[in-house]
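All remarks here apply to the structure that follows.
What follows draws every value from the coordinates through simple rules; no lab data is involved. The shown structure was predicted, so the numbers you read here are calculated from the model rather than taken from an experiment. Virtual Cβ from ideal backbone geometry, glycine too; neighbours counted across all protein chains shown.
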Amino acid sequence: MSRIGKVPVTIPAGVEVKVGADNIVTVKGPRGDLFQKISPRITVKIEDGALTVSRSDDQKESRSLHGLSRTLIDNMVQGVSNGFERKLEIVGVGYKADKQGSKLVLSLGYSHPVELPDPDGITTETPSATEILVKGIDKAVVGNYAAIIRAWRPPEPYKGKGIRYSGEKVRRKEGKAGAKG
C-alpha cells in the first residue's frame, strides 16, 4: 500500500467535496472551487467527513497514481479552505518590484521594466520593494507563476543577485583567482 495514499483526507467545515461521473472530484470552499479528473484505476469514497482513496489493482501505474491522487485532492481541499502562498525575495542594487493595479512591475536591470499581469485566480502583493507574495487556491498555478517570476532573473552564483524563493540557498562560487574587487 502507498503510505501517502492510505491516509484519509479530512474535510474541514465549510468545504464540500463531490465525486461525479468520470471520476471528477469537485471541491467547493470559502475561497473558491476546484476540480480534478482522477484516473479510472483509482476509487474515491467519502465517508464520515473524510475522503479515502483506493486503487483497483497492484500494477505499477496504479500504485504510482494512488499517492498522487490523494495528494492532489488534499491540495484542493487545503487550497479552497486556506489558500497557498509563495514568497520571493529580490536581491541586487536597483532591483525592485512594484504593484500597479493588477500588474506586477519588476525593475531587474534591463533597459525596460518587466510587466507581468496577474493570471486568473492569482494575486500578487509587494509588502516591500524587495519582496513578492504570490497567492492563490491552486498550488500548481501558484508555484508555476512564482517560477515564471523567478525566471526573469534567477540568482547568479558569484554575487547572489536575482530573484529567489524565500529561504532558498544559493551556492556561491569564488571569483576569478587573483582578481581584485
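Filter the range 119-154 for residues that are in contact (Cβ under 8 Å) with a residue 12 or more places away in the chain and either within 16 Å of Gly101 (Cβ to Cβ) or among the acidic types (Asp, Glu) (or both) and give the result.
Residues satisfying the conditions are Pro119, Ile122, Thr123, Thr124, Glu125, Thr126, Glu131, Ile132, Asp138.
Among the residues of the range 20-67, write down those that are in contact (Cβ under 8 Å) with a residue 60 or more places away in the chain and exposed (fewer than 15 other Cβ atoms within 10 Å of the Cβ).
Of everything in the range 20-67, just one residue is in contact (Cβ under 8 Å) with a residue 60 or more places away in the chain and exposed (fewer than 15 other Cβ atoms within 10 Å of the Cβ), namely Gly32.
Filter the range 31-71 for residues that are under 19 Å from the mean Cα position of the chain (by Cα) and of a type in the set (Asp, Glu) and give the result.
Asp33
Could you check the range 107-154 and list, in sequence order, the residues that are of a type in the set (Val, Ile, Thr) and under 24 Å from Pro30 (Cβ atoms)?
Ile122, Thr123, Thr124, Val134, Ile137, Val141, Val142
Spot the failing condition for Arg3; the list is (1) in a loop (DSSP other than H, G, I, E, B); (2) surrounded by 17 or more Cβ atoms within 10 Å (Cβ to Cβ); (3) not β-branched (Val, Ile, Thr), and only one is missed.
(2)
The conditions are (1) in a loop (DSSP other than H, G, I, E, B); (2) in contact (Cβ under 8 Å) with a residue 60 or more places away in the chain, and Arg70 fails exactly one of them. Which is it?
Here Arg70 clears every test but (1).
How about the range 56-67: which of its residues are touching a Ser or Thr at 6+ places or on another chain (Cβ under 8 Å), assigned to a helix (DSSP H, G or I) and hydroxyl-bearing (Ser, Thr, Tyr)?
Within the range 56-67, Ser62 is the sole residue that qualifies.
Please work out which one of (1) outside any helix (DSSP H, G or I); (2) out of contact with any helix residue (DSSP H, G or I) (no Cβ under 8 Å at 6 or more places or on another chain) is the condition Val77 fails and give its number.
(1)
Would you be able to tell me the number of residues in the range 89-118 that are part of a loop (DSSP other than H, G, I, E, B) and under 22 Å from Gly162 (Cβ atoms)?
11
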